[in-house]
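Contents: one structure, followed by commentary.
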Amino acid sequence: MTASMPTMKPQPVLERDITPEGGDYEVVRRAIEKISLDYRDQPSLEVLAEAVGETPNGLQKLFTRWAGLSPKAFLQAVTLDHARRLLDSGMPLLETSFELGMSGPGRLHDLFVTHEAMSPGDYKSRGAGLTIRYGYHISPFGIALIMVTDRGLAGLAFTDAGEERAALADMTGRWPNAIYVEDMAATAPYAARIFDPAQWRSDRPLRVVMIGTDFQLRVWEALLRVPMGRACTYSDIAGQIGQPTASRAVGAAVGANPLSFVVPCHRAIGKSGALTGYHWGLTRKRAILGWEAGQLGAA
DNA sequence: ACGGTATCGTTAT
DNA sequence: ATAACGATACCGT
């Protein structure tokens, strides 16, 4: 109420949304919510359009522009069956044959990443001595909160309009001793390339810093090996890091992933094919998986 | 589909 | 120390 209310948030100024896909997400999100709510009765395009306040034609266009996938195809991509298919198709996924040291260049199948591990005991604890610059950017999956250090990308969170503050608190709470500076100019280049598949190339690897416990680091590194268009189970990862009975702990570690999307925690699903959960909302997980399916088709 | 239980890293007392 | 807590999985019913 008073003039001096430091917690009163200045509404973050978002980058102008030049790409249509970014602005589409709000509608897409509502459509996905509707779809997952009653996917059993396979809602028609008309019903869907009605629910999100678009014309059938408009929704069809918008959806295809966003996902590279028609609403109908997307609807299929959200079913249990499809999720199960993501698990199987062909070769064993988490082969140890990949060279992937604790810190050293690792490689993501799609987005290329070189990562540096920073376990809290190893470095100063809880981000002490670290300066983190952050900024909000429009992404295909809502607003992305991006955090960088001078060594590379350290955090990526998602949120929706009006909830930026909560996402920031969530992230800063993970490394409470770091110094935070809002600096959109520093984060914008990351936003631009992370969400544009055309820029995922090995000749320009994305530098990433992973801050977590040893266990978490092993889980996140395992995730980095899951290629786009595929999925693995929590117990797959447990087995792969040599602790086959720890699938529940793996779930917790996956949930603690500070680098959403870049470390593809959305590709971890239950053994039944159920999506089970996502820190930034199950709807977002569906959106990302569906969007990836569309990107694959476009290639 | 639902309920109980073994399991285990993390966080908070 | 220890208790509570999951984005699990498995076994009943």
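Each peptide in A:60-71, A:259-270 receives the mean, over its residues, of other Cβ atoms within 10 Å, and ordering these scores from highest gives A:259-270, A:60-71.
Which percent of the accessible area of region A:186-227 is formed by carbon and sulfur heavy atoms (probe 1.4 angstrom)? Write out the running numbers ahead of the final one.
Values: 830 of 1560 Å².
C and S fraction of accessible area: 53 percent.
Site pair A:A274 and A:D41 shows an inter-label distance of 2.3 nm when each label is modelled 7 Å from Cα along Cα→Cβ. As a rough guide to protection, the peptides A:111-121, A:284-294, A:226-236 ranked by mean Cβ packing within 10 Å, highest first, stand as A:284-294, A:226-236, A:111-121. Between A:S125 and A:R193, the modelled labels are 3.5 nm apart [label points 7 Å from Cα along Cα→Cβ].
The values are calculated or read from the model by the stated rules, or taken from the named source; none is laboratory data. Because the structure is a prediction, the values reported are computed rather than measured. Ideal geometry is used to build each Cβ from the backbone, glycine not excepted, and the neighbour counts take in all protein chains shown. These accessible areas exclude ligands, DNA and RNA; they are computed on the full protein's heavy atoms, side chains included. Shrake-Rupley method; radii C 1.70, N 1.55, O 1.52, S 1.80 Å.
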